[in-house]
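Peer 1: Encoded as structure tokens, here's the structure I'll be asking about.
The values are calculated or read from the model by the stated rules, or taken from the named source; none is laboratory data. Please read these numbers as outputs of a predicted model, since none were measured by experiment. For neighbour counting, all protein chains shown are included, and Cβ atoms are generated from backbone atoms with ideal geometry for every residue, glycine included.
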């Protein structure tokens with residue numbers, strides 16, 4: 001597999017009058033990844049995605065897709081990319097199949113022969129000839145993903161694909177993304193407010209805040225490094241809490257009956273477990289875990305004890321500025 005980045009941004013910036021929506025953003029997405037793109041409301045996620053899809057022009061910096069500058073190879077490059085930005089719009093009084101036929105005709109690349117495949121992939125083939133107005137919100141979202149998959153893109157950019165969905169709809173979209181990435185033939189760039197979904201699907205991620213990159217890396221490495229939360233189920237609980245609080249390995253411990261939540265490095269779990277057992281405590285369960293929600297909040301709230309890897313910039317290239 002080609003190890004060269006499939007998508008890179010170099011000092012990518014967008015300014016609206018005096019306000020910078022995105023500033024000096026350097027992202028690296030490799031082939032075959034599910035790349036989670038996170039940030040609070042107003043952080044610049046949708047602006048970034050619109051620049052990646054060439055829907056708006058950067059104020060400065062550039063985007064490279066498939067190792068080529070996007071602004072110089074727009075038509076040929078974007079044929080290899082599918083996108084769903086926020087929500088899909090369709091002709092409600094036409095069928096799903098007819099909607100996709102119109103999109104395929106506008107593409108002009110023969111993707112009309114691909115319609116049954118993408119409808120089957122998103123689970124809509126049995127209802128392909130029904131009018132879209134009869135579809136639930138979740139079905140419309142899946143139809144939007146089907147539209148993004150026309151032409152067999154190598155990169156699919158999804159902006160809030162689970163927005164407004166019920167738990168079943170969220171599960172369906174999650175499983176679809178996992179199927180898309182399973183073969184390694186499609187790279188998925190996924191923006192979402194549902195941190196638990198990113199945690200379950202993404203292999204790498206970036207967090208931005210106020211238009212600037214805060215952290216980027218492999219999900220497992222970011223969540224496993226630095227202080228995290230270890231949950232102990234033990235008896236007697238109050239005595240276990242005293243022992244954990246006294247340990248120099250523990251930054252803090254609180255009672256959250258029927259368990260204890262303590263802040264410590266994941267690798268401390270075996271040592272702390274041994275300490276409890278040797279002190280006569282019955283340990284029923286030990287769950288070392290830092291959730292993406294905890295990490296995200298620590299990052300965006302400026303916690304001093306959170307792990308942030310070196311954010312060295314991508315290899316510098318020619319500066320591309322636009323008025």
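Peer 1: From 116, 129, 120, which residue is assigned by TED's automatic domain parsing to the domain that holds residue 90, touching a strand residue (DSSP E or B) at 6+ places or on another chain (Cβ under 7 Å) and exposed (fewer than 14 other Cβ atoms within 10 Å of the Cβ)?
Peer 2: None of the other options fit; the residue is 129.
Peer 1: Does at least one position in the stretch 263-275 carry a residue that is part of a strand (DSSP E or B), in contact with a helix residue (DSSP H, G or I) (Cβ under 6 Å, 6 or more places away or on another chain) and at pLDDT 80 or above?
Peer 2: no
Peer 1: Check residue 241 against each of (1) farther than 28 Å from residue 145 by Cα; (2) in a strand (DSSP E or B) and name the one condition it does not meet.
Peer 2: Here residue 241 meets the rest and fails (2).
Peer 1: Still on this model: Pick out, from the stretch 1-108, the strands (runs of 3 or more DSSP E) lying fully within it that include 2 or more residues that are crowded, with 22+ Cβ neighbours inside 10 Å and in the same structural domain as residue 205 (by TED's automatic domain parsing).
Peer 2: Counting at least 2 such residues, we get 5-16, 19-25, 34-38, 60-65, 81-85.
Peer 1: Also, quick follow-up: Run residue 307 past the list (1) buried (at least 16 other Cβ atoms within 10 Å of the Cβ); (2) at pLDDT 75 or above; (3) part of a loop (DSSP other than H, G, I, E, B) and report the number of the one that doesn't hold.
Peer 2: Of everything listed in (1) buried (at least 16 other Cβ atoms within 10 Å of the Cβ); (2) at pLDDT 75 or above; (3) part of a loop (DSSP other than H, G, I, E, B), residue 307 misses just condition (2).
Peer 1: Of all helices (runs of 4 or more DSSP H) completely enclosed by the stretch 133-236, which ones contain at least 2 residues that are under 30 Å from residue 106 (Cα atoms)?
Peer 2: The helices (runs of 4 or more DSSP H) meeting that bar are 137-149, 167-182.
Peer 1: Please work out if residue 208 is surrounded by 21 or more Cβ atoms within 10 Å (Cβ to Cβ), more than 19 Å from residue 83 (Cα to Cα) and touching a strand residue (DSSP E or B) at 6+ places or on another chain (Cβ under 7 Å).
Peer 2: yes
Peer 1: Can you confirm whether residue 235 is without any contact (Cβ under 8 Å) to a residue 60 or more places away in the chain and assigned by TED's automatic domain parsing to the domain that holds residue 13? Can you show your working first?
Peer 2: Working: without any contact (Cβ under 8 Å) to a residue 60 or more places away in the chain: yes; assigned by TED's automatic domain parsing to the domain that holds residue 13: no.
Criteria not met by residue 235.
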